[in-house]
Amino acid sequence: MDLLLLQGLLLLPLAVLLLYRCSPRFQFLCKVAFFNCWIVALATLLSPLAAFRGRSVENMRLLRAALLPLKRFYGIRMRVRGSERLRLPGPFVIVCNHQASLDLMGMVEVIPERCVPIAKRELLYLGTVGWACWLSGIIFIERQRRDTAIEVISRTASTMRRENLRVWVFPEGTRNPGRSMLPFKRGAFHLAVQAQVPIVPIVISPYRDFFSPKEKRFTSGTCTIQVLPRVETCGLSPKDVPKLTESVHQAMAEALAEMSMSDHGDQDMEQPLLGPGEDRDSPQGQGDTARSSK
C-alpha cells in the first residue's frame, strides 16, 4: 500500500507536466495562476521593505522591478514606439486602453519616474497586494460615489502640481478585450484640465494573437506599446472636457485599429520560461513554421 502511494506521488508531477504540455486549457489556467501568485508573493515580500520608506511614489520602483520579469516567463516581447514622448519635465496625465491583467506588464515597461496609477478602491482590500499598492502611492477612487471621486480628482490635481507627479489612468473604467475601445470616463480629462497639465495617450496592441480568456489560450507573442503625441490642456476649462475626451478617444481608437491591422499575424515569439509557446499543430503555429521555412 505504501509502495503504491509512493509510486502515485512520484508519477503525479509527471502527469501534471504531461497535461501542461498537451492541454492548452490547463496551460492557460496554470499561467494565469502563476501570474496571480507571483503578484501576491512579491507584494508580500516587498511590502516590509517599502514600509521603511512609508507611503511614497518612490516605492513604485519596487513594484516595477517585481513585475518586469514576468514577460520573460511568458515569452512576451514588448515593442515600444514613441517612448521619447514620455520624457517630459513636469507633471502629466497618461491615459491608456485597458484589456486585461496583462496590462500591468505593458504599464511597467514604459511607466515614467514619479508616476502612479489610479485604481478602484476595492484593490485596497486585497491583503498584501492592497498594502503594497497603498505604500506605492497608488491613488484609490470609489467609482460608485461621484462626490468622493470628484474630491479625489481635485486633491490629486493639487498634488500633481506640488510634487511633480504623473498619473496613469485607464479611462475605459473596466477591462475591454474587444476590438474597439469603450467610451471614456471623463475623470482623467477633468484631472488634466484642473491641473493644467498635458495628456499623453498610450495604446497597447490587442492580445488576441497570444492571449484569450474566452478561448483559454495563453502562448508567447509580441505586444506593441504606442505612445501618441501629447495633448495640451493649458487654457482649457471644464466645459472643454467633453470635446477633449472625444478627441483623445478618437486618436487612440484610430491608433488601436491601425495596430490591429499591422500587428495581426506578425508575432515575433520568444521562448517562454514557463514552457511551450505557440502550438505548432495549431493553424497559427503552422503559419509561423511556413514563414520560417521561406
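The table for this structure:
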read-out: Counted residues, the range 221-251 - those being farther than 17 Å from GLN99 by Cβ, among the polar types (S, T, N, Q) and open to solvent by less than 20 Å² (accessible area, probe 1.4 Å); value: 2
read-out: Within the range 114-128, tally of residues that are farther than 22 Å from GLU172 by Cβ and in contact (Cβ under 8 Å) with a residue 24 or more places away in the chain; value: 3
read-out: Top-ranked residue in the range 206-220 [being of a type outside the set (Asp, Glu) and free of Cβ contacts under 8 Å to residues at least 60 places away in the same chain; ranked as least open to solvent (accessible area, probe 1.4 Å)]; value: SER212
read-out: Residue within the range 176-190 that is within 26 Å of ALA33 (Cα to Cα) and open to solvent by less than 10 Å² (accessible area, probe 1.4 Å) present; value: no
read-out: Close pairs from the range 139-164: first touching a residue at least 60 places away in the same chain (Cβ under 8 Å), partner in a helix (DSSP H, G or I) and open to solvent by less than 20 Å² (accessible area, probe 1.4 Å), Cβ under 7 Å, at least 6 apart; value: MET160/ALA195; ARG161/ALA195
read-out: Condition check for ALA149: open to solvent by less than 20 Å² (accessible area, probe 1.4 Å) and closer than 23 Å to LEU86 by Cα; value: no
read-out: Among (1) open to solvent by 20 Å² or more (accessible area, probe 1.4 Å); (2) at negative phi, the one test that ASN164 misses; value: (2)
read-out: Which numbered condition ILE225 misses (of (1) free of Cβ contacts under 8 Å to residues at least 40 places away in the same chain; (2) of a type outside the set (D, E, K, R); (3) closer than 13 Å to ARG81 by Cβ; (4) in contact with a strand residue (DSSP E or B) (Cβ under 6 Å, 6 or more places away or on another chain)); value: (1)
read-out: Pairs with Cβ under 7 Å, 6+ apart, first in the range 17-33 and open to solvent by 70 Å² or more (accessible area, probe 1.4 Å), second assigned to a helix (DSSP H, G or I); value: LEU19/PHE26
read-out: Whichever residue in the range 252-273 is open to solvent by less than 70 Å² (accessible area, probe 1.4 Å) and at pLDDT 90 or above and, among such residues, is nearest to PRO198 (Cα to Cα); value: MET252
read-out: The one condition in (1) under 27 Å from PHE184 (Cα atoms); (2) touching a strand residue (DSSP E or B) at 6+ places or on another chain (Cβ under 8 Å); (3) not in a loop (DSSP other than H, G, I, E, B) that PHE28 fails to fulfil; value: (1)
read-out: Residue among VAL169, VAL203 that is more than 18 Å from GLU254 (Cα to Cα) and buried (at least 22 other Cβ atoms within 10 Å of the Cβ); value: VAL169
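Listed here are the residues, each with its yes/no results for (1) among the aromatic types (Phe, Trp, Tyr); (2) at pLDDT 95 or above; (3) within 20 Å of ARG166 (Cα to Cα); (4) over 18 Å from the mean Cα position of the chain (by Cα).
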| site | (1), (2), (3), (4) |
| --- | --- |
| LEU42 | no, no, no, no |
| SER47 | no, no, no, yes |
| ALA51 | no, no, no, yes |
| GLU58 | no, no, yes, yes |
| LEU70 | no, no, no, no |
| PHE73 | yes, no, no, no |
| ARG79 | no, no, no, no |
| ILE94 | no, yes, yes, no |
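The values are calculated or read from the model by the stated rules, or taken from the named source; none is laboratory data. Values in this document were obtained by computation on a predicted structure and should not be read as measured data. Glycine gets a Cβ as well: all are built from the backbone with ideal geometry, and neighbour counts include every protein chain shown. What goes into the accessible areas is simple: the full protein's heavy atoms, side chains included, and nothing from ligands, DNA or RNA. Shrake-Rupley method; radii C 1.70, N 1.55, O 1.52, S 1.80 Å.
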